[in-house]
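Below is one structure; the comments refer to it alone.
The values are calculated or read from the model by the stated rules, or taken from the named source; none is laboratory data. In this text the structure is predicted, and so the values were computed from the model without any measurement. For neighbour counting, all protein chains shown are included, and Cβ atoms are generated from backbone atoms with ideal geometry for every residue, glycine included. Please note that ligands, DNA and RNA were not included when accessible areas were found on the heavy atoms of the full protein model with its side chains. Shrake-Rupley method; radii C 1.70, N 1.55, O 1.52, S 1.80 Å.
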Amino acid sequence: MNLDTFIGQKGVVATLKKALFQPFHAYIFEGEKGLGKKLLAMTFSKQLLCEKKIACDVCKSCRLFDALTHPDFKIIKRDEDRKEISVDAIREITKDISRGPIFANKKIYIIQEAEEMSTSAQNALLKTLEEPPEYALFILTCNNLERLLPTVISRSLVLSFKRYSASEISEILKSHGLEPRDYVLKLCRGNPKIALDFYDKEVQNKRDYIFEKLLSYDGASFSLIKEFENDFEKFKDDFAFLFETVIYFLRDALMFKKLSSVELITNTDKLEKVIEFSNRHTISHIYRLLQDFMMLEKYPDSNVISDNVLDMIFLKLSGG
Ligand SMILES: [Zn+2]
């Protein structure tokens, strides 16, 4: 893959293509998780380091890059057993950078999920960003720009990643050998990672489990909500998925109730279940469950749910 074959993010890709021969010293790739920030950072880095600047796959630089042993390329990320990227990790870069590149005329550092840097780590990085050697190039990927120091941001070129169109998601799925499905395109909200996750067996099982649970609703929301609450343990790494699956299902059921048509249903692979549920309950029953479930959003782990998601779902609902 190179910048010409990268699917989506046309604006960012265009900027990077122009920068191939004279890149800026620091970029921040910013946007929600799953939008391909790391993939594009890797693609750009490989192409920059390639002897022909095309990510040819065959030159020495490309082969070293693919083996992740390129001496002029490093990825820095938080250690799994640590809470943040420490100042020591950044100091190592500062030391390493003084040695200059070996093969290429660039030395590239990707700081992955850079918002995980401690404040002292960010301050240490700042010193390098203020007076970088001309061969140095930093790419910071960041899911939450607010957690970076304004001084770090102002020394970098911020490139914002956007959600993908349905046709771009389809292309990405096909490039992974997957057949694009209507419900995936509707439910992934333009996020390729969410789209790809739907093809995971475990995710499919979880989704079926949630649907079965919702179909057991007998109009007494209290007991069902209690059961979902107990499921937080099971879904703790994946609370957003549980939450969104329930919300979208209830939204679909309300849509069907209001319009008596399947046209605007998102869970198109589960139409029968949506219709069964919708026929079994009154609008006020469904609303009550929805409202009670929304209260769970106050659950401590639930800060993963962005207000955007809710706005989007309900905007659609009220807008018809
Ligand atoms: Zn090459």
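Can you find a residue in the stretch 201-208 that is of a type in the set (S, T, N, Q), outside the structural domain of residue 35 (by TED's automatic domain parsing), more than 18 Å from residue 1 (Cβ to Cβ) and not in a helix (DSSP H, G or I)? Before you say what the answer is, go through the steps one by one.
Step one: filter the stretch 201-208 for residues of a type in the set (S, T, N, Q), giving 204-205.
Filter again for outside the structural domain of residue 35 (by TED's automatic domain parsing), leaving 204-205.
From what is left, the residues that are more than 18 Å from residue 1 (Cβ to Cβ) are 204-205.
Still in the running and not in a helix (DSSP H, G or I): none.
Taking every residue of the stretch 201-208 in turn, none turns out to be of a type in the set (S, T, N, Q), outside the structural domain of residue 35 (by TED's automatic domain parsing), more than 18 Å from residue 1 (Cβ to Cβ) and not in a helix (DSSP H, G or I).
Can you give me the number of residues within the stretch 101-117 that are in a loop (DSSP other than H, G, I, E, B) and either open to solvent by less than 10 Å² (accessible area, probe 1.4 Å) or of a type in the set (Asp, Glu) (or both)?
1
Please go through (1) open to solvent by 80 Å² or more (accessible area, probe 1.4 Å); (2) over 19 Å from the mean Cα position of the chain (by Cα); (3) modelled with pLDDT of 95 or more for residue 10 and return the number of the only condition it doesn't satisfy.
It is condition (2) that residue 10 fails.
Looking at (1) at positive phi; (2) assigned by TED's automatic domain parsing to the domain that holds residue 294, can you tell me which one residue 253 breaks?
Failing condition for residue 253: (1).
Please pick out the residue among 54, 93 that is assigned by TED's automatic domain parsing to the domain that holds residue 121, under 21 Å from residue 153 (Cα atoms) and touching a residue at least 12 places away in the same chain (Cβ under 8 Å). Write out each step before concluding.
On the way: 54 fails: under 21 Å from residue 153 (Cα atoms).
The match here is 93.
Looking at (1) assigned by TED's automatic domain parsing to the domain that holds residue 49; (2) in a helix (DSSP H, G or I), find the lone condition where residue 172 falls short.
Against the list (1) assigned by TED's automatic domain parsing to the domain that holds residue 49; (2) in a helix (DSSP H, G or I), residue 172 comes up short only on (1).
Tell me which residues, restricted to the stretch 258-285, are modelled with pLDDT of 90 or more and either surrounded by 15 or more Cβ atoms within 10 Å (Cβ to Cβ) or more than 22 Å from residue 218 (Cα to Cα) (or both).
265, 266, 267, 268, 269, 270, 273, 274, 275, 277, 278, 281, listed by residue number.
Identify, please: which residue in the stretch 38-56 is more than 10 Å from the ligand (Cβ to nearest atom) and closer than 16 Å to residue 137 by Cα and is, among those, nearest to the chain's Cα centre (by Cα)? Spell out the reasoning first.
If we filter the stretch 38-56 for residues that are more than 10 Å from the ligand (Cβ to nearest atom), which is where we start, we get 38-45, 48.
Then drop every residue that is not closer than 16 Å to residue 137 by Cα, which leaves 38, 40-45, 48.
On the way: 38: 10, 40: 13, 41: 14, 42: 16, 43: 17, 44: 19, 45: 20, 48: 24 Å.
Ranking the candidates gives 38 first.
Looking only at residues in the stretch 57-99 that are of a type in the set (Val, Ile, Thr) and over 19 Å from residue 140 (Cβ atoms), which one is nearest to the ligand (Cβ to nearest atom)?
From the stretch 57-99, those of a type in the set (Val, Ile, Thr) are 58, 69, 75-76, 85, 87, 90, 93-94, 97; that's our starting set.
Then keep just the ones that are over 19 Å from residue 140 (Cβ atoms); that gives 58, 69.
On the way: 58: 6, 69: 15 Å.
Selected residue: 58.
Which members of the stretch 7-37 meet the condition of being part of a loop (DSSP other than H, G, I, E, B) and either of a type in the set (S, T, N, Q) or within 16 Å of the ligand (Cβ to nearest atom) (or both)?
First, pick out the residues of the stretch 7-37 that are part of a loop (DSSP other than H, G, I, E, B): 7-9, 20-25, 31-36.
Of everything in the stretch 7-37, those that are part of a loop (DSSP other than H, G, I, E, B) and either of a type in the set (S, T, N, Q) or within 16 Å of the ligand (Cβ to nearest atom) (or both) turn out to be 9, 20, 21, 22.
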